[in-house]
Every structure is written in C-alpha cells, then in structure tokens.
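The values are calculated or read from the model by the stated rules, or taken from the named source; none is laboratory data. Source: prediction; values computed, not measured. All Cβ positions, even for glycine, are placed from backbone atoms using ideal geometry, and neighbour counts span all protein chains on display. The accessibility values were calculated without ligands, DNA or RNA, using every heavy atom of the protein model including side chains. Shrake-Rupley method; radii C 1.70, N 1.55, O 1.52, S 1.80 Å.
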Amino acid sequence: MICNEKRKQLLEDMNRPNKFWREYTFNKDASTSALLQESKEEIIEKSIQTAMVMYKKYMKAYAGCSPEEWPARFSLEVEHRYYYEQYEIQRYIALYLPLEKTIVLQHKALNKVQEFIAQNDLCDMFSEEEMRHIAMYHEIFHHIETITPEIYTASRMIKKRFFRVFSYNTSCIAASEVAAVEFSRLMSQSDCHPCVYERLLDMALSDDKLN
C-alpha cells in the first residue's frame, strides 16, 4: 500500500462516527451471537454513560493536571519498557498491572508508530505523544474499575452456553473496553478517535513485517 493510500484510508477512519467505533470495539470483545441486538445497544450505551460519569468525576477532582501527572493522582506507577515479555507487542501499547498498580508503556510499539508517521508524511494527522497519552488514559480507566465498587463495566454479566447444554454467566469484557476507549477519547480531547490510532499501530506493524 503506497503512502497516499494509507493516508486516504486513515482519513476515512477519522471521519467515521463515534457510533461506528463503539460497535467496532464491542464486537471485538463480545460474542454478539450470545446477545440480542437490543442487549448489545443497551450495554454500549450504559458503558458510554459510565465513562462519562467517571470522566466528569475525575476531571472535577484533578482539573489542571497534565497527562503525565494523572497516574500519580491514582497512586499508579508508570514503567517504561522497550517491550513487556509476557504480552505480544502486536496487541498492546500500554498495559495495566493491577497487582503492581502499574501502567507499562511499551516503547517498541511506540517507536514503530513514530517511524510509520514520519515515513508516510502523517505528522499533520497523528502524534506519538498523543497516542501515548490516549493509551495511558485507557489503562487508568481499567484501574478506576478496580477501585469503584459495583461499577457497571466491571459487573455487567452475560449468559453463555457450554456445548449448547449448560448455561453460565461471564463478565462482558466488551463493556469494559467500550468504556475505556470512550474515557480515553474524552480525556485526550483528540480530533482522532482512539480506535484510529489502533488502526495506525496495525499498519505500522504490518509494514514492519514486510520490511
């Protein structure tokens, strides 16, 4: 894919409505076959509402904080690594480690994105720094879930079937992800939806495999 084609595809992604990206995020992390359409829409809407409530709460409490100051407000450490051995670099820019109360930023992936932005003349559209901040806000939301009793996104359960005979309840990871993405979007106030940065990372990693 030549540079102009990449730019065109990313521009198309930037112009997609938020509703598209919310459903995109949900569908990645939930078996929609186990849900009615009404249930899916309800979960997405309540997840978005949860993100908004948390955003308003903490923006009021920590108004004026820079992105770099936010983790400390939650007593979180930020660890910078070239990559984190226990996870595939293809899947993560940042990781939240709840037991350690730490956010890990993986600079191997961030470096690949920075190189891709420069090589494809995308500096007017994207910023590695903004991507890093968005990723950090995403992980902060997952921490908020651990310190907020009965928060919707950590307690929403859906029923699944095992061998089409036994049913059981499982947490809806998609609710958590939809809310985390929305929280990071609100916190960053970026013109670029967080999911577009995810597409950017996918492109950068695909390019790296070809070279």
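If you take the residues in the range 120-139 that are under 20 Å from SER206 (Cα atoms) and free of Cβ contacts under 8 Å to residues at least 12 places away in the same chain, which one is farthest from the chain's Cα centre (by Cα)?
Checked the range 120-139; the qualifying residue farthest from the chain's Cα centre (by Cα) is CYS123.
Give the range 114-157 a look and list any residue that's surrounded by fewer than 16 Cβ atoms within 10 Å (Cβ to Cβ) and of a type in the set (A, V, I, L, M, F, W, C), or say none.
The answer is ALA118, CYS123, ILE147, MET157.
Could you look through the range 52-93, keep only residues that are among the acidic types (Asp, Glu) and either open to solvent by less than 80 Å² (accessible area, probe 1.4 Å) or not in a helix (DSSP H, G or I) (or both), and pick out the one that is modelled with the highest pLDDT? Let's see the steps before the verdict.
From the range 52-93, those among the acidic types (Asp, Glu) are 68-69, 77, 79, 85, 88; that's our starting set.
Remaining after also requiring either open to solvent by less than 80 Å² (accessible area, probe 1.4 Å) or not in a helix (DSSP H, G or I) (or both): 77, 79, 85, 88.
Details: GLU77: 96, GLU79: 93, GLU85: 66, GLU88: 55.
Result: GLU77.
Show the residue pairs meeting these rules: Cβ distance below 7 Å; 6+ apart or different chains; first residue within the range 68-80 and under 11 Å from GLU100 (Cα atoms); second residue open to solvent by 90 Å² or more (accessible area, probe 1.4 Å).
SER75/LYS101; LEU76/LYS101; GLU77/LYS101
Name the single residue that is farthest from the chain's Cα centre (by Cα) among those in the range 39-51 being among the polar types (S, T, N, Q) and surrounded by fewer than 16 Cβ atoms within 10 Å (Cβ to Cβ). Steps first, please.
First, the residues of the range 39-51 that are among the polar types (S, T, N, Q): 39, 47, 49-50.
After this cut, where a residue has to be surrounded by fewer than 16 Cβ atoms within 10 Å (Cβ to Cβ) as well, the list is 39, 49.
Working: SER39: 22, GLN49: 16 Å.
Once the filter is applied, the top-ranked residue is SER39.
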